[in-house]
1. Return the pair list, or none, for Cβ contacts closer than 6 Å from residues in region 149-163 that are under 18 Å from Glu105 (Cβ atoms) and modelled with pLDDT of 95 or more to residues that are in a loop (DSSP other than H, G, I, E, B) and of a type in the set (Val, Ile, Thr), at least 6 apart or on different chains.
2. Just the residues that are without any contact (Cβ under 8 Å) to a residue 12 or more places away in the chain and either touching a Phe, Trp or Tyr at 6+ places or on another chain (Cβ under 8 Å) or at negative phi (or both), please, taken from region 53-86.
3. Of all the residues that make up region 39-77, how many are among the aromatic types (Phe, Trp, Tyr) and within 21 Å of Gly21 (Cα to Cα)?
4. Exactly one of (1) more than 23 Å from Glu127 (Cβ to Cβ); (2) not in a loop (DSSP other than H, G, I, E, B) is unmet by Met1. Its number?
5. Being closer than 19 Å to Leu179 by Cα and not hydroxyl-bearing (Ser, Thr, Tyr) is true for just one of Leu82, Leu53, Leu92, Leu44. Which residue is that?
6. For region 129-147, name all the residues that are exposed (fewer than 14 other Cβ atoms within 10 Å of the Cβ) and over 23 Å from Pro111 (Cα atoms).
7. Step by step: first the residues of region 27-85, then only those that are among the β-branched types (Val, Ile, Thr) and buried (at least 18 other Cβ atoms within 10 Å of the Cβ), then the one that is farthest from the chain's Cα centre (by Cα). Which residue is that?
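The values are calculated or read from the model by the stated rules, or taken from the named source; none is laboratory data. Since this is a predicted model, take the numbers as computed values, not measurements. Reconstructed Cβ throughout: ideal geometry from the backbone, glycine too, with neighbour counts over all protein chains shown.
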Amino acid sequence: MTVITHTLDLDGCAVHLLEAGNPAGRAVVLLHGMKFQAETWRELGTLEALAALGQRVLAVDMPGFGKSTAAERPPGEVLLQLLDALGVNQVLLIGPSMGGRIALEFAIAHPERVAGLVLAGPVGVAENREHLGNITAPTLLVWGSEDQVSPPANSDILLAGIAGSSREVFEGAPHPCYLAQPQRWHELLRAFLATLPA
């Protein structure tokens, strides 16, 4: 698998990302949690698993993390700029924890740009609960039953607030449940992608 490394200058913020897969395929953007970075998705095999399905997979270091410089603008604004710079109109957003919050708030603010949403134990659920009805994309919620950072009760809020959303709980798994059960994580992503309109 070929992985291309990009660094894009977005109004003074140098955003680093990894790209793999089919440049003409559906754009899938992988965000990351606070303790992780774009490279985590390569190490876990998620980049390869999605690229093998013919997707255009983009693992992004958010501003101030990994190899991206910090920005004074909100991360969702930088993400919007990034998609525009890459010529991506609609995206499947995958975000755990902090990245889940960014993905969630992006889907609320820009529903027309999100073709699908995968949230793994996102933080910031309660703060956004009043606006969950804005989300129109098919949404998959993934949680570890032992999540101490974003309690599984948060998934109830999202399930009730996002029309047509579905939930998968990884029994015995901690907050980064995808790291604990990568095979199941990749199977879920493949199955979810298969349900999205081409």
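1. Taking only residues 6 or more apart or on different chains, the pairs are Ser150/Val123; Ile162/Ile135.
2. First pass over region 53-86, keeping only residues without any contact (Cβ under 8 Å) to a residue 12 or more places away in the chain: 64, 72, 74, 77, 84.
Within region 53-86, Glu72, Pro74, Glu77, Asp84 qualify.
3. First, the residues of region 39-77 that are among the aromatic types (Phe, Trp, Tyr): 41, 65.
From what is left, the residues that are within 21 Å of Gly21 (Cα to Cα) are 41.
Here the count works out to 1.
4. With (1) more than 23 Å from Glu127 (Cβ to Cβ); (2) not in a loop (DSSP other than H, G, I, E, B) applied to Met1, the lone miss is (2).
5. Numbers: Leu82 fails: closer than 19 Å to Leu179 by Cα; Leu53 fails: closer than 19 Å to Leu179 by Cα; Leu92 fails: closer than 19 Å to Leu179 by Cα.
Just one listed residue meets the conditions, Leu44.
6. Ser145
7. Pass one, region 27-85, residues among the β-branched types (Val, Ile, Thr): 28-29, 40, 46, 57, 60, 69, 78.
In the following step, the residues that additionally are buried (at least 18 other Cβ atoms within 10 Å of the Cβ) were identified as 28-29, 40, 46, 57, 60, 78.
Details: Val28: 8, Val29: 6, Thr40: 13, Thr46: 12, Val57: 11, Val60: 9, Val78: 14 Å.
Out of the qualifying residues, it is Val78.
Quick grid of which residues meet (1) among the small types (Gly, Ala, Ser); (2) more than 22 Å from Thr46 (Cα to Cα):
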| residue | (1), (2) |
| --- | --- |
| Asp84 | no, yes |
| Ala109 | yes, yes |
| Ala115 | yes, no |
| Leu132 | no, yes |
| Val149 | no, yes |
| Ile157 | no, yes |
| Ser166 | yes, no |
| Cys177 | no, no |
